Amino acid sequence: MAQWTVEKKLALLRQHDEDGVPWTRLAAVSGVPARTLSRWARKYRTDPTSAGLQRHRRSDQGRPRTSPELLDAIEALALRRPEPTAAFIHRRVSDLARDRGLPAPSYSTVRAVITAIDPGLRTLAQHGDTAYRDRFELVYRRTATRPNEQWQADHTLLDVMILDKKKEQVRPWLTIVLDDYSRAIAGYTVFVGAPTAERTALALHQAINRKTNPAWPIAGLPDVLYSDHGSDFTSARLERVCLDTHIRLIHSRVGIPQGRGKIERFYGTITTELLPHLPGHIPHQTGGTPISAPTFTLEQLDAILERFIVDEYNLRPHSETHEAPASRWAASGFIPRIPASPDELDLLLLTAAATRKVQRDGIQFASTRYVSPVLAAYVGEQVTVRYNPRDVGEIRIYLGDDFLCRAIAPELAADEISLGELQSARAQRRRDLKQQLRQRRTLADALPDDTRYTPPPGTADTEPTPPAPAPTRHGLRLYATD
């Protein structure tokens, strides 16, 4: 009779007490037995408050009516590793109850007891500390309050195949630098091969410097750089970069990725919204096999990623902040902290090449001649070349750790060209020349023999050829006195 509230019970009792309606008639109309109505009346007279008519719950309601000893046994068996089935636990507990003269619990009771065990306790027992931490422990989320207060940096292996310089299929890596406050991408680099401190430095170099694209305003030095414990992020080079630029470098706890959830979310966006539209995409269920033949090179993938980041991701509202990342970064009107000397930043972050000797016509690097008027005073000196692989139209020249100048390649400086594009173009040129050489040699081999100085038939000298002299015979010399 759970549907009978205190107010409805009081209404029935008033009809009996005030109007004199007999219990039998009230029972026939309401459907409540007369004995129940009489009991309600006794309770109300004993306790005239509404509490007297409330239905009291059983003290053991919600708990199985099973011996505590058997309940403990069910829970103990359920927390074993590997986890036994409910049927096995029911059989074991039934045997235990029979041996001790206790009533055996039903199968449904056993299942109810197992289900009621604390999920955290079951996870810890069955799957260990790591699974419990990932599912139940509280996570402290670092939340920045302004742009460039904190950047996150991380790598991921992209689910796509591309073609390398040898036209072989390779799977590229992507390094991202993300602003924690706005969720805007400040810089990135895509490459082939394992992540290194050099690749991280190139992504950070792009993130800090002002971009030529006005739609990509994110720049400046962050206060904090948050990364994982990868060898490239814990390298001495990156520590020196952060020390010299006054960036605080913080690493996440080993094996705990939850603190990097924001950048992992961006990787999920790339994986679900961009890569499935590219040839060579690798769905998760294919085991690393692309569903279509790759056609893009590393340079083409780089251009596609920049277009997606700048024109799509940074300009559309983020689901958590409800603002476009680029707009949120620029909305506060703050002035980003810029390196005191861009040349010093280049020294820290750009790729270092082998030393080169300054020649009278400039510096030869990557089969290209680079010139600068400043080099005239350093002919014969050994210098260090630093460059940006995305743009080899110019290189930076250092004498030791001192910046000398920027040298340009006259034939490349007008347009940006990457080192890979330059090497590919040269390799293609060599292949074209070798193809022409093979064609020319084949044509030369097919030509008739050279008979310019060969006498025509019938005009040869008709004089008899003198016979060859007979070989000299050496006999025994005789003397007259013999």
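The values are calculated or read from the model by the stated rules, or taken from the named source; none is laboratory data. On a predicted model such as this, the values are computed, not experimentally measured, just so you know. Neighbour counts are summed over all protein chains in view; Cβ atoms, including those assigned to glycine, are modelled from backbone coordinates with ideal geometry.
Quick rundown of the values:
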read-out: Answer from R80, R91, R100 - the residue that is surrounded by fewer than 17 Cβ atoms within 10 Å (Cβ to Cβ) and touching a Ser or Thr at 6+ places or on another chain (Cβ under 9 Å); value: R100
read-out: So A207, is it assigned by TED's automatic domain parsing to the domain that holds R307, assigned to a helix (DSSP H, G or I) and over 22 Å from R265 (Cα atoms); value: no
read-out: Some residue of region 230-239 being outside any helix (DSSP H, G or I), touching a Gly at 6+ places or on another chain (Cβ under 9 Å) and either at pLDDT 85 or above or buried (at least 16 other Cβ atoms within 10 Å of the Cβ) (or both); value: no
read-out: Residues being over 20 Å from R240 (Cα atoms), among the hydroxyl-bearing types (S, T, Y) and in a loop (DSSP other than H, G, I, E, B) - total across region 183-201; value: 0
read-out: Residue within region 317-325 that is modelled with pLDDT of 90 or more, within 27 Å of Y267 (Cα to Cα) and small (G, A, S) present; value: yes
read-out: Test: residue in region 196-205 that is free of Cβ contacts under 8 Å to residues at least 40 places away in the same chain, surrounded by 19 or more Cβ atoms within 10 Å (Cβ to Cβ) and polar (S, T, N, Q); value: no
read-out: Single unsatisfied condition, Y44 versus (1) in a loop (DSSP other than H, G, I, E, B); (2) surrounded by 14 or more Cβ atoms within 10 Å (Cβ to Cβ); value: (1)
